[in-house]
1. If you wrap the stretch 50-138's Cα atoms in a convex hull and average its projection over all directions, what's the area in nm²?
2. Would you list, by chain and number, the lysines whose Cα falls below 16 Å from the Cα of LYS153, excluding same-chain residues fewer than 8 positions away?
3. How many nm separate the modelled label positions at GLU24 and PHE42, each set 7 Å beyond the Cα in the direction of the Cβ?
4. For all pairs of alpha-carbon atoms in the chain, what percent lies in each bin of width 10 Å, listed from the first bin to the last filled one?
5. Compute the whole-percent fraction of alpha carbon pairs in the stretch 1-40 spaced more than 12 Å apart.
6. Over the stretch 1-105, consider all pairs of different Cα atoms and compute the Kirkwood hydrodynamic radius from their mean reciprocal separation; express it in Å, one decimal.
7. Grab the beta carbon distance between THR17 and ARG58, set R0 = 30 Å, and tell me the FRET efficiency rounded to 0.05.
8. Report, in degrees rounded to the nearest 10, the 0 to 90 angle that the Cα long axis of helix 138-151 makes with the longest principal axis of the chain.
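The values are calculated or read from the model by the stated rules, or taken from the named source; none is laboratory data. Values in this document were obtained by computation on a predicted structure and should not be read as measured data. Backbone-built Cβ (ideal geometry, glycine too); neighbour counts: all protein chains shown. Note: areas computed on protein heavy atoms with side chains; ligands, DNA, RNA excluded. Shrake-Rupley method; radii C 1.70, N 1.55, O 1.52, S 1.80 Å.
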Amino acid sequence: MFNKNLKLVLTALILITAVWQFTESNIGNGIFLILFSLIFVFLYFKNEMILLAFLKLRKQDFDGANKYLDKIKDPHTALVRKQEGYYNYLKGLMLSQTNLNLAEKHLKKAVELGLNMDQDLAMAKLNLAGIAMSKNKKIEAEKLLAEAKKLDKQGMLKEQLTMMKAQLKKGPQVQMRRY
């Protein structure tokens, strides 16, 4: 993985080489180099490890996605702000299976940093509402569910939202185990 600043330096060097190729009348080489530099510009705004982690998540491979995210050693310096938000979003989603406190920390950081799509932000708030419900923070959970409902413009999370609201109305239930 390249550092975000190294990507900009590589882009600048390739563009300088492209200009040199144009002055040498090698128009084809110059055009190719400009197109090649666009790859580094794309990877500046869309980190390759986060893209690979999303692909692993689509296949329900949480371990593989976590391996890609673990390759990002220092997210604050290696990623731009929105990428850092998605890094925390993905970490929070994966940790919500095992460690709710750490998942809450990552999801709150993702909401704070911002996510590009409202749907992702709604999903993060929905997960935060679930964590708040598990900690018996009913008011916070209701607030987060209302925010998630506002953000869910396509209605993709409608079923999950109604299910969570129904659970909130029931209140905390203690399950008795029979031995």
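1. Spelled out: convex hull of the Cα atoms, projected over all directions, averaged, 5.6 nm².
2. Within the straight-line cut-off, LYS153 pairs with LYS125.
3. My value for the distance between the label points is 2.6 nm.
4. 9, 28, 27, 18, 10, 5, 2, 1, 0
5. 53 percent
6. 15.4 Å
7. 0.25
8. That works out to roughly 40 degrees.
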